[in-house]
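To start, the structure under review is shown below, and the notes come after it.
The values are calculated or read from the model by the stated rules, or taken from the named source; none is laboratory data. Keep in mind that this is a model prediction, so the values were computed, not measured. Note that each Cβ is placed from the backbone with ideal geometry, even for glycine, and that neighbours are counted across all protein chains shown. When the accessible area is computed, the model is the full protein with side chains, heavy atoms only, and any ligands, DNA or RNA have been set aside. Shrake-Rupley method; radii C 1.70, N 1.55, O 1.52, S 1.80 Å.
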Amino acid sequence: EHYVGVYGPEIDAIPVGSKISLSYTVEVAGKAMQPDFESVIERKMHSWINCIEGVMHTGQRDMIRIRISKADFEAGFKFKHLGEVLYAKVKSEFEAVVDKCQITLITDAAEAEKFRDEVAMPRYNQRDDRLASMTDEAVDRYFTCIMCQSFAPAHCCVVTPERLGLCGAVSWQDVKDTKEMDPAGPCQPILKEGCTDEKLGRYASVDEAVNKYSHGALEHVTLYSLFQDPMTSCGCFECICGVEPVSMGVVITCREFAGMTPLGMTFSEMASMTGGGVQTPGFMGHGKHYIASHKFLKAEGGVGRLVWLPKELKDQIRDKLNETAKDMYDIDNFADMVADETSCPNGNPEELLAFLSEVGPPALSMDPLDI
């Protein structure tokens, strides 16, 4: 029953200061276990690994980054110990649904990539598709999520059917399941009460919840605006969006893209002013799949405000992006109207505006933003 295996080189076979591909699989069995509980357990691993002294974990799904300190390495820390922590925490925190557990870590790059493409990504896509037809209007409650407060004590996500957590790994169904599995845990319901502005997504009950769970750091949060009390971020966002003042559009970058954006900032530079639980009007962290949501930037005109994003990200969400834009603006192939590093190789505002003027995206005909 107690199995923790490492497939590939152990940490003492890897040069200090280098980086490798890593995957870890937690297989569980139990009479009360359900497939819906998978993502709940999975997201808790973020907190568990960060509890290891000298180890840092950020990100989610296939974009995780784990850093192990030299002090831990010199003390004899191994990848197997990472698995032992996961094993112990799964068995202790989820004993109501998990009877048996085994852990497999893959440190061989080719095998880790194969596992990601053949096993993990199809499962992630399956989870995302479950909520494709559900709207915010169809439910009577949203949920808080404070799983990332170890990074940002003042941060609190508000998760709705059409707005998943900024980590990209926590959907409305996930937080609902988390509440059922852990009634006093990090995800608590917010009844939809006291709506004062439907366009902004401003609710008295949401303000009350974020004020409570941010320990008084936040007073107001809107669900659908980039400028009016935008939702805060921790540090695990998949993407960051920011306003580009020349085009009056919105630029998005993602964790995988190391290049420069037309804002003159990289992902890291944008993250430094967006994370940590602060409200920065005009900047916001969010999940990849939120971009194609009908609620994305609803207060500022919707996804039609989008003018630039990395090509890799564009290709990942192309079909859903086109579908949403067709529904909202009755235009075809919207993704081709959005610039990227190939159509704007220099990444400056003038080059971006020239591209946009040629293709004519919705952003150019929208009312100017009140910056």
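Tell me the residue from Ala184, Ala169, Ala217, Ala258 that is closer than 21 Å to Leu306 by Cα and either at pLDDT below 95 or under 19 Å from the mean Cα position of the chain (by Cα) (or both), please.
Ala258
Under 7 Å between Cβ atoms, at least 6 apart or on separate chains: pull out the pairs that start in region 167-191 with a residue that is farther than 22 Å from Lys288 by Cα and open to solvent by 10 Å² or more (accessible area, probe 1.4 Å) and end on any residue that is modelled with pLDDT of 90 or more and acidic (Asp, Glu).
From region 167-191, the pairs are Leu191/Asp140.
Would you mind telling me which numbered condition in (1) out of contact with any Lys or Arg (no Cβ under 8 Å at 6 or more places or on another chain); (2) of a type outside the set (D, E, K, R); (3) open to solvent by less than 10 Å² (accessible area, probe 1.4 Å); (4) at pLDDT below 95 Val159 fails?
(4)
Taking Gly30 and the conditions (1) surrounded by fewer than 17 Cβ atoms within 10 Å (Cβ to Cβ); (2) at pLDDT below 90, which numbered condition does it fall short on, given that it satisfies the others?
(2)
Within region 40-66, take every residue that is crowded, with 19+ Cβ neighbours inside 10 Å and within 13 Å of the chain's Cα centre (by Cα) and give me the one that is modelled with the highest pLDDT.
The qualifying residue modelled with the highest pLDDT is His46.
Filter region 134-156 for residues that are open to solvent by 40 Å² or more (accessible area, probe 1.4 Å) and over 18 Å from the mean Cα position of the chain (by Cα); which is nearest to Ala217 (Cα to Cα)?
If we take residues in region 134-156 being open to solvent by 40 Å² or more (accessible area, probe 1.4 Å) and over 18 Å from the mean Cα position of the chain (by Cα), then Arg141 is nearest to Ala217 (Cα to Cα).
Given the conditions (1) farther than 21 Å from Asn348 by Cβ; (2) part of a loop (DSSP other than H, G, I, E, B); (3) free of Cβ contacts under 8 Å to residues at least 60 places away in the same chain, which single one is not true for Glu256?
With respect to (1) farther than 21 Å from Asn348 by Cβ; (2) part of a loop (DSSP other than H, G, I, E, B); (3) free of Cβ contacts under 8 Å to residues at least 60 places away in the same chain, Glu256 is out only on (3).
Can you name the condition, by its number, that Ala299 falls short on among (1) in a loop (DSSP other than H, G, I, E, B); (2) touching a residue at least 60 places away in the same chain (Cβ under 8 Å)?
Answer for Ala299: the failing condition is (1).
What do you reckon, is Asp207 in contact with a Leu (Cβ under 9 Å, 6 or more places away or on another chain), part of a helix (DSSP H, G or I), closer than 14 Å to Asp36 by Cβ and not aromatic (Phe, Trp, Tyr)?
no
Just wondering, is there one or more residues in region 221-238 that are more than 24 Å from Glu351 (Cα to Cα), acidic (Asp, Glu), in contact with a Lys or Arg (Cβ under 6 Å, 6 or more places away or on another chain) and open to solvent by less than 50 Å² (accessible area, probe 1.4 Å)? Outline the logic, then answer.
Start the filter on region 221-238 by keeping residues that are more than 24 Å from Glu351 (Cα to Cα), which leaves 221-238.
Applying the additional criterion that residues be acidic (Asp, Glu) yields 229, 238.
Now narrow it down to the ones that are in contact with a Lys or Arg (Cβ under 6 Å, 6 or more places away or on another chain): 238.
From what is left, the residues that are open to solvent by less than 50 Å² (accessible area, probe 1.4 Å) are 238.
Within region 221-238, one or more residues are more than 24 Å from Glu351 (Cα to Cα), acidic (Asp, Glu), in contact with a Lys or Arg (Cβ under 6 Å, 6 or more places away or on another chain) and open to solvent by less than 50 Å² (accessible area, probe 1.4 Å).
Step by step: first the residues of region 261-271, then only those that are assigned to a loop (DSSP other than H, G, I, E, B) and surrounded by fewer than 19 Cβ atoms within 10 Å (Cβ to Cβ), then the one that is nearest to the chain's Cα centre (by Cα). Which residue is that?
By that ranking, first place goes to Thr266.
Mind listing whichever residues of region 1-25 are out of contact with any Leu (no Cβ under 6 Å at 6 or more places or on another chain) and part of a strand (DSSP E or B)?
Tyr3, Val4, Gly5, Tyr7, Ser23, Thr25
Open to solvent by 60 Å² or more (accessible area, probe 1.4 Å) and of a type in the set (A, V, I, L, M) - does that describe any residue in region 69-91?
Checked against the condition, which is being open to solvent by 60 Å² or more (accessible area, probe 1.4 Å) and of a type in the set (A, V, I, L, M), region 69-91 yields at least one hit.
Consider only pairs whose beta carbons are under 7 Å apart and that are at least six residues apart or on different chains; among these, list those whose first residue lies in region 309-326 and is more than 18 Å from Leu297 (Cα to Cα) and whose second residue is of a type in the set (Ser, Thr, Tyr).
Here the result reads Pro310/Thr253; Lys311/Thr342, each pair linking region 309-326 to a residue that is of a type in the set (Ser, Thr, Tyr).
List, please: which pairs have Cβ atoms under 6 Å, are six or more places apart or on different chains, and start with a residue in region 262-286 that is touching a residue at least 12 places away in the same chain (Cβ under 8 Å) and over 22 Å from Cys156 (Cα atoms) and end with one that is open to solvent by less than 40 Å² (accessible area, probe 1.4 Å) and assigned to a loop (DSSP other than H, G, I, E, B)?
Correct list of pairs: Pro262/Gly347.
If Asp128 satisfies all but one of (1) closer than 23 Å to Pro35 by Cβ; (2) outside any loop (DSSP other than H, G, I, E, B); (3) without any contact (Cβ under 8 Å) to a residue 40 or more places away in the chain; (4) of a type outside the set (Gly, Ala, Ser), what's the number of the condition it fails?
Here Asp128 meets the rest and fails (3).
Do you know which residues across region 1-31 are touching a residue at least 24 places away in the same chain (Cβ under 8 Å) and of a type in the set (Gly, Ala, Ser)?
Of everything in region 1-31, those that are touching a residue at least 24 places away in the same chain (Cβ under 8 Å) and of a type in the set (Gly, Ala, Ser) turn out to be Gly5, Gly8, Ser21, Ser23, Ala29, Gly30.
Which of the numbered conditions does Gly276 fail, given that it passes all the others? Conditions: (1) modelled with pLDDT under 90; (2) open to solvent by less than 10 Å² (accessible area, probe 1.4 Å); (3) touching a Cys at 6+ places or on another chain (Cβ under 8 Å); (4) not charged (D, E, K, R).
(2)
Cβ-Cβ below 6 Å, separation at least six or inter-chain, first residue in region 100-118 and in contact (Cβ under 8 Å) with a residue 40 or more places away in the chain, second surrounded by 13 or more Cβ atoms within 10 Å (Cβ to Cβ) and of a type in the set (D, E, K, R): which pairs?
Pairs found: Cys101/Lys91; Arg116/Asp62.
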